1. Within the stretch 127-169, name every residue whose backbone N is under 20 Å away from a label modeled 7 Å from Cα of GLU63 along the Cβ vector.
2. With runs of 4+ DSSP H residues as the only contributors, calculate the mean residue ellipticity of the chain at 222 nm using -39,500 (n - 2.57) per run, divided by the residue total and rounded to the nearest 500.
3. Give the calculated FRET efficiency between ARG172 and ASN241 to the nearest 0.05, with a Förster radius of 22 Å applied to their Cβ-Cβ distance.
4. What order do you get for ILE112, ILE26 when you list them from fewest to most C-beta neighbours inside 10 Å?
5. Rounded to the nearest 0.05, what FRET efficiency do HIS212 and ARG145 give with R0 = 41 Å and r taken as the Cβ-Cβ distance? Could you check?
6. Roughly how compact is the chain, stated as its Cα Rg over 2.2 N^0.38 Å to two decimals?
7. Label points 7 Å out from Cα along the Cβ direction at CYS200 and ILE26: separation in nm?
8. Too long at a 18 Å Cα-Cα cut-off: which of LYS137/LYS158; LYS15/LYS90; LYS110/LYS192?
Amino acid sequence: MDKVCYACHTDAEAKMSKTYTHPPVINAQCDACHVSHGSNEEDLLKVSGPKLCQPCHGSFMKEVVGGSNHNPFTEGMCLTCHDAHGSNVKGMAANTLGPLCFSCHPDLEKAIETGKSRHTPTGTAECTQCHSPHNSKLSNLLMARSPDLCLNCHKDLKAQLGKEKVHSPAGRDCLRCHQPHASAETALLTQKIQPLCGQCHDLKKASFAKAHLEIDPSVIECRNCHDPHASKDPKFFKATNHPPFIGGSCEDCHIVEKR
């Protein structure tokens, strides 16, 4: 079959030299997918897309009930993401992940381009580090729940969270404070530090004002003194601090504001 088909389809023969090649192409079994003479489907296919792929990939093509399923996968539009013959990209992807994923998710591409900070896998278009391209038992096609998913890469935090007093959001869900793709703030924060911390900590309480020498909360940079993830200190103070600060004698250096 290969000599007959390749006599005209010289471009198809070139697909065999790709890094990842579809087995029917390797084995010159063009008739595994195509009809030799005529078909009611495009490209002389035996049947439409999903039905064509299902005989070989049936067990893989089952939708997840109660989870999330990628639209092209659910609709059986395999060729939205894959090249049917061969590709130099893993998984026989039709393009590198950035252009491939952004062709349907242009909003993410714009956020990455304009953001002050961006998640490394997002910046390098390694979307599949966090997301399944087909389906998942979790929402948003996630490969695992937060914080477990995040700690696969952030191993320094994993060790920290395992030994010390853990800040509640950090121990439960990183997305309480961080954007997963890109942010207009530093460190992928969902918003500026004062309103972010103010969601859980009442910055107007008298006890807060007393502990912070009556300083205007809008100018306080919480991360200068507190570790946002974990600490050995019950107040989440950082491991290394200025000696007067450790002794609680802030007024040695600072003038108390009178409001």
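Read-outs throughout are calculated quantities, based only on the coordinates presented, and are distinct from any laboratory measurement. No experiment lies behind these values; they were computed from the predicted model shown. All Cβ positions, glycine included, derive from the backbone under ideal geometry; neighbour counts span all protein chains shown.
1. Residues passing the 20 Å test: 132-143.
2. Helix-only estimate at 222 nm: -6500 deg cm²/dmol.
3. 0.25
4. In order of increasing Cβ crowding within 10 Å: ILE26, ILE112.
5. Given R0 = 41 Å and the Cβ-Cβ separation, E is 0.75.
6. Taking the Cα Rg and dividing by 2.2 N^0.38 Å, one obtains 1.50.
7. Label-label distance for CYS200 and ILE26, simple model: 5.0 nm.
8. Where the Cα-Cα span goes over 18 Å, the pairs concerned are LYS137/LYS158; LYS110/LYS192.
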